[in-house]
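These notes are about the structure you will find just below.
No value in this document is a laboratory result; all are computed from the given coordinates. Worth saying up front: this structure is predicted, and the values here are computed from it rather than measured. Neighbour counts are summed over all protein chains in view; Cβ atoms, including those assigned to glycine, are modelled from backbone coordinates with ideal geometry.
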Amino acid sequence: MDFIIAKYNYWIYITLMMIGFYAMIAKNNLIKKIIGMNIFQTAIILFFVSISYKRGGATLPILTDADAHGGHVIDVAQYLNPLPHVLMLTAIVVSIATLGVALAIAIMMYRKYHTLEEDEILKAIK
Amino acid sequence: MIVEQAPVLIVVICLMSAVATPLVGWLKRELCYPWVILALLGSTLCSVVVLNTVMHEGVIHYRLGGWLPPWGIEYVIDHLNAMMLVLITGSALLVAIYSKRSLEAELPDRTIFFYTLYLLQVTGFLGIVITGDVFNLYVFLEIASLAGYALIATGEDGAPLAAFRYLILGTVGACFYLLGVGYLYMVTGSLNLAELAEILPRLYGSKVILVAFAFFMVGIALKMALFPLHLWLPDAYTKAPSVAGALIAPLMTKVAVYIMLRVMFTLFRPYFSIELLPVTKILLYAGIIAIFMGAIMALAQKNFKRMLCYIVIAEVGYMVGGVGVANTVAIRGAILHVMNDVVMTLGLFAVAGIIAYKMKNNELTAFDAIFKKMPFTMAAFLVVALSVIGVPPTCGFFSKWYLIQGSIMAGNWIFVGALLFSSLVNVILFFRIIETGYYDFGASGAGGAHSHDERSVVSEAPLSMLIPTFVVAAAILLIGLYNQSIITTIIDFAVPKL
């Protein structure tokens, strides 16, 4: 039980990822697939943010008492690692772009076939 | 000055021209075509300069903005990427020259945005190949993929659904890659490929590293359409516009093979990928299955482009299997085959585009009595087909030869059998086409649209399509003739020390 509680954010990330994965595989509606894809990508963001955590009360890397001239020494252990957050900014941009392309393609199909169900589109193609 | 900055210019020229393409098109629509060619010409020149520098002075380290490696992003160019850069820019340039008439016929009102996406796609490929930073690689992978989805979606009926499926699977692949990056970052705190390669050997016992490696390999296998994960490929490449197919089909899978080589032999040491884990064994059998299934499925196709897609799947099996054999000769063959396969697939899809342009369809029946009608196109096609089959003076023979030699040295007869089987199937596939092409069966070709007198009149493809196809055919012969010097000056440096 401790094993689960101590690392609950990782468990949540895996659960979310599998929910997204399931939606992508099993759902017939294209919008639901897109939502699943987004959940999948968001789970990865949660994972990356989790790995920046440090034990021992580390906080956000906002340096209030730092000297602009570099006189103050920064103790790294006091602050969370900001790099994964920065990476995730890029990953969010990527996932929004992917979402945009996916929705655009879905709209293209809706205009052509007047449905968003995958099996009906398949029938309309053949 | 220019020579020093050439590595970054390769990517920047493409990216900036992509952004500027809608503006150019807004000024005058016809300017887009020369604009794209100009941009790719610049990029090609830079990559040739870079290849030349690498050959004479060794590995180039380019630091973006002057930041030192662990903090800043670094471009590292050794023989393997320099070769890939020239291949990518060169084939993109040829396809751009080729694109004009085909686009006018297939997408008359969307040329401006097509060219924008086209350049973005090339930017993505170039960035993947040139970068020395694992996260940067992810971003470029997504740029290339997103541009690819959009390009494919503009194709014929059914293309949007194919692109959508590709998008879903491609996103899963890229996300797996990103997860692999995350796991590596968790234990090493670094994203720089060279630094990671130094830190990782101390951690090879760790489970986190194994998970990261597994995520990398599965993600990349999805991107390169290794057999059980190939389902997105045939539909996407068949239904894409001919030009998009000719750009994406040769490059996307090969770039993914490049990422696999990097992950296995640069990021991780060869002894980790080959001795510590049974990865190469899995890759070997995956490659063998891919070859068999790709060849068998290709036999069953009635559509020319679709048949080519399954040949691409079989060829991916060659390269993966070659890496799986895991000795110097086989890996040399696999890397040479990366080069050859870019050229051969480009040739095949270029011919498919010409057929689609002239005959308005891509069924195998479109080849009825085609030798009389389009003698030049078919001459180029013959060269490409012989190379795919693997007949000596063409380049396809030599990479296959090294692959077979390597697997005989490793005592792996199943892979030898798979390679020979696939060659035989390719003989059947292409000679079937050549037979229909030579003889006039009198059946109504091209859906009966052509009357009888028209069938024997020479009506060649336009020169803008024919010249790039001929350049490809010439390249196939030249790579074949000079393969010895290509191997000693470039490829032997790219083969990992085992």
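Highest mean packing comes first when the peptides B:230-237, B:64-71, B:182-189, B:486-493 are listed by Cβ atoms within 10 Å, giving B:230-237, B:182-189, B:486-493, B:64-71. Among residues other than residue A:28 whose Cβ falls under 15 Å from its Cβ, what is the net charge (Lys/Arg +1, Asp/Glu -1)? Its environment carries a net charge of +1.
Taken as Cα centroids, region B:160-214 and region B:1-23 sit 28 Å apart, rounded to the nearest whole angstrom. Annotation: lysines with alpha-carbon distance below 27 angstrom to residue B:373 (same-chain offsets under eight excluded): B:100, B:239, B:302, B:305, B:358, B:360. Peptide B:167-179 shows a mean partner chain C-beta count of 6 within 10 Å per residue C-beta.
Packing order of peptides B:203-209, B:425-431, B:84-90, highest average first: B:84-90, B:425-431, B:203-209 (average count of other Cβ atoms within 10 Å over each peptide's residues). The value of relative contact order for chain B, using C-alpha pairs under 8 Å at least six residues apart, is 14 percent. The mean number of partner chain beta-carbon atoms within 10 angstrom of a residue's beta-carbon across peptide A:112-125 is 2. Remark on chain A: Rg and Dmax equal 21.1, 72 Å (Cα only). On a per residue basis, the convex hull of the C-alpha atoms belonging to region B:278-498 measures out at 104 Å³.
Contact order normalised by length for region B:278-498, with contacts defined as Cα pairs under 8 Å and 6 or more residues apart; what percent is it? Normalised by residue count, the contact order of region B:278-498 is 28 percent.
Converting phi to 3J(HN,Hα) with the Karplus coefficients 6.51, -1.76 and 1.60 and the offset θ = phi - 60°, region B:237-253 yields 7, 6, 8, 5, x, 3, 5, 4, x, 5, 7, 7, 4, x, 9, 4, 5 Hz in sequence order, with x at every glycine or proline. Ordering B:167-175, B:43-51 by mean Cβ neighbour count within 10 Å, with the highest value first, yields B:167-175, B:43-51. For the protein assembly as shown, pairs of C-alpha atoms spaced more than 45 angstrom apart make up 17 percent of the total. Taking chain B as the reference, fit the longest principal axis to its C-alpha atoms, fit the long axis of helix B:159-188 to the helix C-alpha atoms, and give the angle between the two in degrees, 0 to 90, nearest 10. That works out to roughly 10 degrees.
Pairwise Cα separations in region B:287-387 fall into 10 Å bins from 0 onward with the following percentages, short to long: 16, 41, 29, 12, 2. Among the residues of A:13-25, the average count of other protein chain beta-carbon atoms within 10 Å of the residue beta-carbon is 1. The Cβ shell under 11 Å around residue B:237 holds other residues with a net charge of +2, Lys and Arg each +1, Asp and Glu each -1.
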